[in-house]
Amino acid sequence: MIKNYFKIALRNIARHKAYAAINITGLAVGIAACLILFTVVKYELSYDTFQNNYSRTYRIVTQDNFAEGIEYTPGIPFPALDVLRTTFPQYTTGAFFASYGSQVTVLGDDSKNTTGEKKFIEETGFFFCDPQFFSIFKYTWLSGSPEILSQPNVAVLTQKMAGKYFGDWKNAIGKFLKLDNTVTVKVAGIIQEPPANTDFPLGIVTSYETAKANADTYGYTNDWGNTTSNFQLYMLLPEKVSLGRINTQLAQFSKQQYKNEMTSKKLSFLQPLKQLHFDNRYGNFGDHTISKATLWTLSLIGVFIIIMACINFINLSTAQAVGRSKEVGIRKVLGSSRPQLFGQVMGETALIVVVAMILATGIALLCLPYLKHIASIEERLSLFNSQTLLFLLALLFIVTLFAGLYPAMILSGFKPALALKNKISSATVGGISLRRGLVVTQFAISQVLIIGTIVAISQMNFVRNADLGFNKEALFVINANADSTLHSRQEAFKQKLLQLPGVQAVSFSSDVPSSDNNWSGNFAFDHKPDEKFNIFRKAADEDYFKTYGLKIIAGRIFSKSDTMREIVLNETVVKKLGVNNPNDIIGKDIKTGRSRWNKIVGVVQDFKTNSLREDVKPLMLLQRKDRYGVTGIKFKSSNIPKTQAAVEAAWNQYFPEYAYTSAYMDENIKEFYEQEEQLSLLYKIFAGIAIFISCLGLYGLVSFMAVQRTKEIGVRKVLGASISDIIYLFSKEFTILIILAFLVAAPIAYYMMSSWLENFVFKIPITPLVFILAILASVIIAWITVGYRSIKAAMMNPIKSLRTE
């Protein structure tokens with residue numbers, strides 16, 4: 001019997017090639033899209049789950065309660081490590097301290113070598129760890145052990161990094177590296193390359209004792225008022241320990257250690273490792289975080305796409321049911337039971353789904369290499385693993401059930417007498433209202449994605465073209481370590497650059513105007529107690545304003561100096577201090593932390609200090625030569641490549657021991673929004689897939705209607721109906737259904753995209769134009785789809801139409 005069912009299924013597919021092709025194509029595209037989204041979501045959820053202690057590891061984070069709101073940092077003051085180990089001796093606490101954008105010089109066998117030929121700028125930098133960190137986080141040691149990190153001036157490399165520096169990791173042990181042209185370390189250990197799905201991108205690990213021994217270089221301090229997100233502590237708890245009890249003890253620790261005179265009330269507490277990758281408040285050491293809401297959105301898009309593909313199948317199957325009524329009638333007369341007929345239809349559905357799934361797997365395999373363009377996944381992923389196979393099996397069962405259940409119930413429920421007399425019609429099977437509802441559902445999903453695409457594209461265009469308050473065009477930035485050797489040659493280097501015909505201005509600073517840097521602290525104004533909010537700081541020379549096109553709205557820029565003497569504030573600070581006229585603040589005194597009082601000499605017009613997701617920060621610009629590690633160069637518009645080459649030559653002349661790393665300012669800003677750009681691209685791709693699947697189904701339905709109404713079209717033409725009348729006949733109903741779909745989709749899309757835009761402080765409004773464009777796009781696409789088949793039906797010779805049975 002099963003063999004016969006299989007034969008009949010193949011014959012039905014062969015007899016109705018067009019409908020089978022539409023069904024298989026729609027299902028294949030839908031399953032492939034669903035499979036790719038499953039792969040992305042599964043990968044994001046897998047971050048650091050390979051760690052043995054994943055469920056028992058916590059990060060100690062800090063919450064700052066200001067009068068005006070709450071700020072979060074993953075960091076904690078340096079002296080907290082020893083106090084916490086004393087307070088919680090029964091738990092393992094490990095230190096993890098990052099140094100970003102650091103230079104590594106390969107010295108080889110000679111530790112006295114001062115200028116190695118191999119120099120690298122490691123953007124992810126390197127990490128200072130103690131042995132306890134490796135008691136919490138487990139890695140495979142190919143050479144050495146965690147205990148070596150109890151000594152200063154030692155380093156541990158991953159296999160990949162050792163190969164990069166020394167050709168083979170086996171050659172690396174006992175060799176020397178110089179870090180930031182300051183610290184020479186000996187390679188004493190090698191660990192196996194960790195998986196890519198980790199928020200701890202280890203490459204170079206040196207001992208925490210090395211950071212303490214070079215406090216001036218790496219900012220180590222015993223000051224409880226100094227917190228940096230680069231220094232983090234991790235704690236391993238035993239099974240069944242009450243998290244609430246530990247947090248209560250940490251609250252008591254916070255009261256004792258964070259003194260009341262600080263501008264905020266600080267609170268430290270535990271954050272589970274399993275939240276690290278998904279909590280945007282804190283960030284991590286990896287290349288990105290992703291919210292659980294985004295993963296839910298991606299999962300929901302996958303569900304929507306597969307539902308749309310199943311809707312196509314249901315629509316065409318119920319429409320075709322009328323054509324198979326006589327077959328069903330004969331089978332019932334010959335003794336077939338309803339369960340047997342039900343099984344036959346479900347078997348046919350399963351066969352089509354299996355074929356579609358094989359095709360979908362091929363499509364997904366072809367698309368996998370391009371996954372890095374829509375997600376932050378650089379490694380090559382495999383579809384052939386147990387989780388993906390289980391997912392495909394589950395999908396096979398769900399899609400077969402969802403797509404085949406209703407058509408199977410309809411076909412198996414035909415009464416044989418009516419079926420044999422050809423008295424079964426679309427109306428009698430109850431399929432018209434269902435098909436209308438399914439078409440509305442399909443186009444509602446499509447329009448949600450179309451509206452999402454329009455909003456995402458508009459927001460990213462706004463971000464790219466937003467007025468940042470400074471000129472980012474033709475701005476070239478070189479990053480280096482801010483050390484005494486660099487500073488001693490900066491002035492000569494600057495004069496050399498200014499002699500180049502393509503250079504307009506040059507400035508040294510700790511930071512460009514808009515970045516992820518959040519150097520901040522408490523401050524006092526006009527000889528009063530500390531203010532109730534922190535002030536953010538950027539160190540810059542007197543040419544900073546000219547180079548980046550910043551506008552002074554009151555007072556002047558500061559005079560040339562190597563140390564902090566005069567201060568320029570931004571408008572936000574002035575407003576938060578309650579000063580209405582910026583000119584009134586000129587000449588007042590300000591100080592940060594324990595520094596001396598300095599004069600305010602100017603107020604700069606607000607510029608975007610960070611990304612457009614955040615408010616403009618209250619900012620002070622000050623002069624501190626020991627902080628200058630960034631060289632900003634304003635190019636003239638002519639012959640930029642030649643000027644860039646001349647700048648590199650000048651750098652190598654003045655700083656031969658420093659690696660050369662550079663980028664244009666607009667490239668750096670673009671990196672802020674990499675995830676948003678990826679999400680925008682995702683919306684485009686899946687909106688296109690949704691439209692494609694909808695149009696496939698629409699084309700199939702119109703084709704079936706054209707066949708079913710062939711004689712009606714002939715009668716209408718004989719009675720004087722024009723081609724446009726026939727096209728209108730087919731288009732009218734679908735246009736109404738699309739408008740109904742829009743009424744369903746619009747509020748859903750508005751809610752979804754309003755929530756997404758909440759990630760931005762500076763954002764576009766969702767105007768009626770967005771919805772008008774969406775409905776117009778849907779109607780035009782539907783008309784094009786329906787129009788082709790309608791014109792073909794309308795142009796048929798009415799004589800042939802009237803002879804059709």
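The values are calculated or read from the model by the stated rules, or taken from the named source; none is laboratory data. Keep in mind that what you see is a predicted model, and the values were worked out from it rather than measured. Here the Cβ is made from the backbone with ideal geometry for all residues, glycine too, and neighbour counts use every protein chain on show. Ligands, DNA and RNA are stripped out before the accessible areas are found, and what is left, the full protein with its side chains, is counted by its heavy atoms. Shrake-Rupley method; radii C 1.70, N 1.55, O 1.52, S 1.80 Å.
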Review point. Once Lys and Arg get +1 and Asp and Glu get -1 on their Cβ, which of C367, G632, N214 lies farthest toward the positive end of the dipole of the chain?
Key: C367
Check your understanding: Where does each of 743-750, 574-581 land if you order them by average Cβ count within 10 Å, highest first?
Key -> 743-750, 574-581
Review point. For L681, L149, what's the largest-to-smallest order of accessible area, 1.4 Å probe?
Key: L681, L149
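On a 19 Å Cα-Cα criterion, which of the cross-link pairs K119/K178; K119/K164; K588/K625; K160/K372; K575/K617 come out too long? Walk me through the numbers on the way to the answer.
Working: K119/K178 9 Å; K119/K164 11 Å; K588/K625 23 Å; K160/K372 21 Å; K575/K617 12 Å.
From the list (K119/K178; K119/K164; K588/K625; K160/K372; K575/K617), the Cα-Cα distance tops 19 Å for K588/K625; K160/K372.
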Exercise for review: Filter the DSSP H helices in the chain by two things, a Kyte-Doolittle mean of at least 1.6 and an axial alpha-carbon span of 27 angstrom or more, and list the hits by number.
Suggested key: 386-412, 768-794
Exercise for review: Please list, or write none, the aspartates and glutamates whose alpha carbon is within less than 14 Å of the alpha carbon of K292, excluding same-chain residues fewer than 8 places away.
Suggested key: E44, D279
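Under unit Cβ charges (Lys, Arg +1; Asp, Glu -1), what dipole magnitude, rounded to 20 debye, does the chain have relative to its Cα centre?
3680 debye
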**Study point:** Antiparallel %, DSSP beta bridges [both residues in the chain], to 5
**Key:** 80 percent
Practice item. Order the following by accessible area, largest value first: L351, L243, L233, L366. Probe radius 1.4 Å; ligands, DNA and RNA are ignored. Key: L366, L243, L351, L233
Practice item. Please work out how much accessible surface D110 shows to a 1.4 Å probe, ignoring ligands, DNA and RNA, in Å² rounded to 10. Key: 80 Å²
Exercise for review: Would you kindly calculate the mean projected area, averaged across all directions, of the convex hull enclosing the Cα atoms of the chain, in square nanometres?
Suggested key: 43.3 nm²
Exercise for review: Give the Rg (one decimal place) followed by the Dmax (whole number) of segment 341-387, computed from C-alpha coordinates and expressed in Å.
Suggested key: 15.6, 49
Study note, to complete from the structure: Taking Cα atoms only, Rg over Rh for segment 507-653 with Rh from the Kirkwood formula is 1.01
**Study point:** Calculated P(r) tail over 18 Å for segment 102-184, as whole % of Cα pairs
**Key:** 44 percent
Study note, to complete from the structure: Counting only protein heavy atoms and leaving out ligands, DNA and RNA, the solvent-accessible surface of E648 at a 1.4 Å probe, in Å² to the nearest 10, equals 80 Å²
Review point. For segment 219-264, what does the equivalent ellipsoid look like in terms of its semi-axes, each the square root of 5 times an eigenvalue of the Cα gyration tensor, given largest first in whole Å?
Key: 25, 16, 7
**Study point:** Projected area averaged over orientations for segment 569-648, convex hull of C-alpha atoms, nm²
**Key:** 8.3 nm²
Revision key, fill the gap. So the compactness index of segment 1-144, its C-alpha Rg divided by 2.2 N^0.38 Å, takes the value 1.97
Exercise for review: With unit charges on the beta carbon (Lys/Arg positive, Asp/Glu negative), name the residue among I454, A745, Q63 whose Cα is farthest towards the positive pole of the charge dipole of the chain.
Suggested key: A745
Study note, to complete from the structure: Dipole check, the chain, charges on Cβ (K,R +1; D,E -1), about Cα centroid: among V512, S386, S559 the Cα furthest to the positive pole belongs to S386
Review point. Whole number please: convex hull volume per residue of the Cα set in segment 158-256, in Å³?
Key: 156 Å³
Practice item. With the Cα gyration tensor of segment 346-416 in hand, convert its eigenvalues to equivalent ellipsoid semi-axes via √(5λ) and list them largest first in whole Å. Key: 34, 11, 10
Review point. Which value, in debye to the nearest 20, gives the size of the charge dipole of segment 36-162 about its Cα centre, when Lys and Arg are +1 and Asp and Glu are -1 at the Cβ?
Key: 380 debye
Practice item. Leaving ligands, DNA and RNA out of it, work out the accessible area of W783 with a 1.4 Å probe and give it in Å² to the nearest 10. Key: 130 Å²
Check your understanding: Just by accessible area at a 1.4 angstrom probe, what is the order of C129, C695 from largest to smallest?
Key -> C695, C129
Point to revise | Relative frequency of Cα-Cα separations exceeding 15 Å in segment 548-607, percent | key: 48 percent
Exercise for review: Could you give the spread of the C-alpha atoms of segment 652-697 along their three principal axes, from largest to smallest, in whole angstroms?
Suggested key: 67, 15, 12
Study note, to complete from the structure: Sorted on mean Cβ neighbours within 10 Å (highest first), peptides 525-533, 198-206, 356-364 come out as 198-206, 356-364, 525-533
Check your understanding: Taking only the alpha-carbon positions of segment 504-553 and ignoring solvent, what does the Debye formula give for the base-10 log of I(q)/I(0) at q = 0.13, 0.14, 0.24 Å⁻¹?
Key -> -0.43, -0.49, -0.94
Practice item. Under 15 Å from the Cβ of N385, count the other residues' Cβ atoms, weight Lys and Arg +1, Asp and Glu -1, and hand me the total. Key: +1
